[in-house]
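The values are calculated or read from the model by the stated rules, or taken from the named source; none is laboratory data. A quick note: this is a predicted structure, and the numbers were derived from the prediction, not measured. A quick note on method: Cβ atoms are made from the backbone with ideal geometry, for glycine too, and the neighbour counts reach across all protein chains shown.
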Amino acid sequence: MARAALSPDAVVDLALRIVDEEGPDALTLSAVAARAGVATPSLYKHVRNLAELRALVSVRVMGELTEIASEAALGRSGDEALRALMDGWRSYAARHPHRYSAMIQAPRPETADVGDRLVGIMLAALRAYGLEGSAAIHAVRCLRAAMHGFAVLEAAGAFRLAEDLDESHALLARMVIAGLRTAREH
């Protein structure tokens with residue numbers, strides 16, 4: 001890529017290629033500069049430092065995940081929406097395991113808007129369960145923990161027993177749905 005073609009978005013594109021091919025630990029400014037065919041200081045016109053680049057990568061990944069979640073839940077409600085959301089989340093993490101693991105989990109100012117949209121989609125998917133206020137927030141946290149935990153463990157190859165992973169994921173969805181019904185009653 002020629003120097004003139006660099007922009008913050010182009011730098012993030014290059015960073016994502018590195019993450020996809022080599023994993024998040026391989027993401028350095030010098031690796032991105034090498035891909036761009038420029039000296040590392042040239043990147044400072046587009047990103048302040050590696051921390052900002054990692055945050056921009058996270059924003060992009062969260063945006064992709066938000067789009068997947070939105071499409072999965074669109075036109076669905078209740079159990080169907082929740083299963084589609086969980087399946088979409090798992091599918092994204094399986095297709096892009098390095099991107100998924102590069103996503104910063106702790107709240108940051110850079111990720112606030114896209115993070116709020118993602119939480120909003122989860123809250124919308126939970127409306128059918130009659131959860132409001134703090135009960136809805138607790139439910140979103142539990143849902144996110146279930147989806148994230150399964151995705152991370154699956155990507156790491158941590159499920160070594162012979163049982164079918166699709167069946168395990170379907171059971172997880174049934175357990176989450178049953179838990180949401182119970183949460184509504186309390």
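Just a few scattered comments:
- Among residues of segment 124-138 that are closer than 16 Å to Ile177 by Cβ, those with a beta-carbon under 7 Å from a residue that is among the β-branched types (Val, Ile, Thr) and modelled with pLDDT of 95 or more at least six positions away or on a different chain give the pairs Leu126/Val140.
- Ala81 falls short on exactly one of the conditions (1) buried (at least 17 other Cβ atoms within 10 Å of the Cβ); (2) touching a residue at least 40 places away in the same chain (Cβ under 8 Å); (3) under 14 Å from the mean Cα position of the chain (by Cα); (4) part of a helix (DSSP H, G or I), and that condition is (3).
- In segment 148-165, residue nearest to Pro97 (Cα to Cα) [restricted to those that are touching a residue at least 40 places away in the same chain (Cβ under 8 Å) and in contact with a Leu (Cβ under 8 Å, 6 or more places away or on another chain)]: Glu154
- Set side by side, the residues Ala135, Ala170 differ, and just one is surrounded by 15 or more Cβ atoms within 10 Å (Cβ to Cβ), of a type in the set (A, V, I, L, M) and part of a helix (DSSP H, G or I), which is Ala135.
- Residue list for segment 98-113, restricted to those being surrounded by fewer than 20 Cβ atoms within 10 Å (Cβ to Cβ) and touching a residue at least 40 places away in the same chain (Cβ under 8 Å): His98, Ser101, Ile104, Gln105, Arg108, Glu110
- In segment 150-182, residue nearest to Ile121 (Cα to Cα) [restricted to those that are among the small types (Gly, Ala, Ser) and touching a helix residue (DSSP H, G or I) at 6+ places or on another chain (Cβ under 9 Å)]: Ala173
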